[in-house]
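The values are calculated or read from the model by the stated rules, or taken from the named source; none is laboratory data. Values in this document were obtained by computation on a predicted structure and should not be read as measured data. Neighbour counts run over all protein chains shown; Cβ positions are idealised from the backbone, glycine included.
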Amino acid sequence: MSEETIPQLLQQATEFYAQGNLAKAGALANQVYGKQPDNHHALYILGMVANAAGRDTLAVTLLQQAIAIHAQHPYYYFHLGSILQGQERLVRAKDAYQSALQLKPDFCEAHLNLGNIQFLEGDAGGARESFQAAIACNPNHATAYFNLGVLSQEEGNHEAALLSIDRSLQCHPDAPQAHMAKAFSLLMLERFAEGWLEYEWRWRLDNLSPRICPKPRWQGESLAGKSIYVYTEQGFGDAIMVCRLLKLLKAGGARVHFECKAELESLFRLAELSDLLHIRQPDDVDPPPFDYDVHLPIMSLPGFFIQTLADIPKEIPYLKADPDRLLYWCRRLNPGHGLKVGLNWSGNPTATANRYRACTLQDLYPLTQVPGVRFFSLQKGSPAEQLRFVDQEGKITDYADELVDFAETAALLSNLDLLISTDTAVVHLAGALGIPTWTLLHTGSEWRWLAHRDDSPWYPGMRLFRQKTPKDWASMIADVVQELKIFRRGLRKKSMP
């Protein structure tokens, strides 16, 4: 290999990399590196090949070496930032993007990625500037408009969010995430007819697959004398919130087959919401083993029955606890005096949305300073481990290991005076049982909680506490502490002879 052939080899390596042929791209770049260890272009290609092969630590090292040799190439910084961002090393990733932009101010994707980091850091102003800069570079950048819309949603400005999301959809009409974001804002603004239609785009998302059903989907026609198969989807909270609509199907003359996950079986069987209840096993994709006329996923039911807030069924409670388990927990909890309050601070930690919804037990712990209150943890999963480190004083009784399903949780909840929780399935369960519930919401809370309300039309016994600024749990909890003192005094007065 002569010095004259090196540019040609690097060009070939670049082409092989673009074609996805990592082996040939890496082999050619290695040849150049063997001849010229200080060839920054060869190091860059080797870094990109390592990244594509999942060897991110090596990729970072190689790109840093390329930058040390040639510090004036914006793409070296950009790809270094992308890898660091994937490793959640956000401070260093942000530095890399800013270096890329100093060299190339019209670098659209660098503006976009920088804005994403600023958004995660809670820097709304910086994120907005970065997304707008990306749009200035490319006025038809669908993702930049989409991100602006999500930023407006996080700030609670859903009218502005719709303007940005609609512009994104003009650029990319078939983007399911943008349609879902539009559904989110429409539902928050109580524009239900439009919102439910957009919500059907959820089936185009990568993480959601409809049940395989050979029979037709229900389109709203009369169900008198027919059977309908309704199946749960998404989270437990969704199923608990919407299962009340099954009674409307029965009222229309339908025979209702309802399929749910095993954790909900006992709870739904007690409620007698359907004619037949079936359990769906994990990863079950086969057609249901029973006969029916039409089918529908449960979160499509509101589109047929709820066009205004007045359409939400008023019957509360619509779920109930098993009498035997109710008595069991009554005996477990009643020795002792004081207000009985349940705590829950996190949903499923693997869910993407949970990083925004969840707080920590440390955030909630000031509540335990309120006198005359007994606290009980309903927290399940790995977030429950926080009890060992935070509750050194033993102020919280932990029964979570005994809560084997939602029916057991319902029995415990029904013996409490109050539940205080972030946005989890437990608040839906407490609301459906008619238990006083205080739900703690982050700034970009879900559509079901609507906008600018401190109550919930879905659950009349629920109070909503909202963050004033993103990630600020402290000021919200300070308000909840004061409200808990008032609640305790009021309950004590009611119990006095």
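In the stretch 271-297, of all residues being in contact with an Asp or Glu (Cβ under 6 Å, 6 or more places away or on another chain) and in contact (Cβ under 8 Å) with a residue 40 or more places away in the chain, the one that is farthest from Ala183 (Cα to Cα) corresponds to Arg280.
Within the set Thr439, Thr422, the sole residue that is out of contact with any His (no Cβ under 9 Å at 6 or more places or on another chain), closer than 23 Å to Ala474 by Cα, of a type in the set (Val, Ile, Thr) and at pLDDT 95 or above turns out to be Thr439. Within the stretch 76-102, which residues are in a helix (DSSP H, G or I) and surrounded by fewer than 17 Cβ atoms within 10 Å (Cβ to Cβ)? Listed by number, the residues that qualify are Gly86, Leu90, Val91, Arg92, Asp95, Gln98, Gln102. Taking helices (runs of 4 or more DSSP H) as the structural unit, those lying wholly within the stretch 294-361 and holding at least 2 residues that are farther than 26 Å from Leu440 by Cα correspond to 302-305, 323-333. Out of the residues in the stretch 179-205 that are over 28 Å from Asp293 (Cα atoms) and surrounded by fewer than 20 Cβ atoms within 10 Å (Cβ to Cβ), state the one that is nearest to the chain's Cα centre (by Cα). Going through the qualifying residues, I end up with Met180. Residues that are modelled with pLDDT of 95 or more and over 23 Å from Asp311 (Cβ atoms) do occur in the stretch 180-199. Among the criteria (1) buried (at least 17 other Cβ atoms within 10 Å of the Cβ); (2) in a helix (DSSP H, G or I), the one Ser475 does not fulfil is (1). Among the residues of the stretch 369-385, those that are surrounded by fewer than 19 Cβ atoms within 10 Å (Cβ to Cβ), in contact (Cβ under 8 Å) with a residue 12 or more places away in the chain and part of a helix (DSSP H, G or I) comprise Gln369, Ser382, Ala384. The number of residues in the stretch 105-120 that are surrounded by fewer than 16 Cβ atoms within 10 Å (Cβ to Cβ) and either assigned to a helix (DSSP H, G or I) or in contact with a helix residue (DSSP H, G or I) (Cβ under 7 Å, 6 or more places away or on another chain) (or both) comes to 2.
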